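Visitor: One structure is given below, represented as structure tokens, and several questions about it will come after.
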Amino acid sequence: MTNDKPMRAPLHPDITEEMIEQLVHSFYGKVRKDERLGPLFDNAITEPWPDHLKKMCDFWSSITRLTSRFKGRPMQKHARITDIRVEDFAIWLSLFHETAHQVCPPDIAAIFIEKAEMIAESFKLGLFYRPNAIPVVAAK
């Protein structure tokens, strides 16, 4: 029996592995230099940085080129970071926006940014949203 399903096409035909690698390496270079995110990531990343960057390239390849190379559970990894704050995502997204615009043509940068914003929102909800938490009311 043959598989008649067509191959999935990338989100944009001009997204290349080289572009992804440049974006990932440039972005994480900025993250590591950031006064808030740098120490946060250095404490959270338990593998050598080259290995982590390869995983991030696989992650973005899976998302934008639909390669299915990434195998992992990023929410579980991020949930282990005890000092992450919701405000950290704004810094992360700002650096990502800047890097995507530097590395990619505008239409492709928009694709990466849209996906990054969706990922950040998903992580924020997964890490910080507690609908059953008892609200803290300030004393008057």
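Visitor: Hey, any hits in the stretch 78-89 for a residue that's more than 16 Å from Val24 (Cβ to Cβ), under 12 Å from the mean Cα position of the chain (by Cα) and open to solvent by 30 Å² or more (accessible area, probe 1.4 Å)?
Guide: Within the stretch 78-89, one or more residues are more than 16 Å from Val24 (Cβ to Cβ), under 12 Å from the mean Cα position of the chain (by Cα) and open to solvent by 30 Å² or more (accessible area, probe 1.4 Å).
Visitor: Take the residues in the stretch 93-140 that are over 23 Å from Glu21 (Cα atoms) and assigned to a helix (DSSP H, G or I), then tell me which one is modelled with the lowest pLDDT.
Guide: Within the stretch 93-140, the match that is modelled with the lowest pLDDT is Phe128.
Visitor: I'd like to know if the stretch 17-32 contains one or more residues that are at pLDDT 95 or above and over 17 Å from the mean Cα position of the chain (by Cα).
Guide: yes
Visitor: Condition test on Ala90, is it in contact with a helix residue (DSSP H, G or I) (Cβ under 9 Å, 6 or more places away or on another chain) and at pLDDT 95 or above?
Guide: The answer is yes for Ala90.
The values are calculated or read from the model by the stated rules, or taken from the named source; none is laboratory data. Keep in mind that what you see is a predicted model, and the values were worked out from it rather than measured. Note that we place each Cβ from the backbone using ideal geometry, even for glycine, and neighbour counts take in every protein chain shown. In case anyone asks, the SASA skips ligands and DNA or RNA and just uses the protein heavy atoms, side chains included. Shrake-Rupley method; radii C 1.70, N 1.55, O 1.52, S 1.80 Å.
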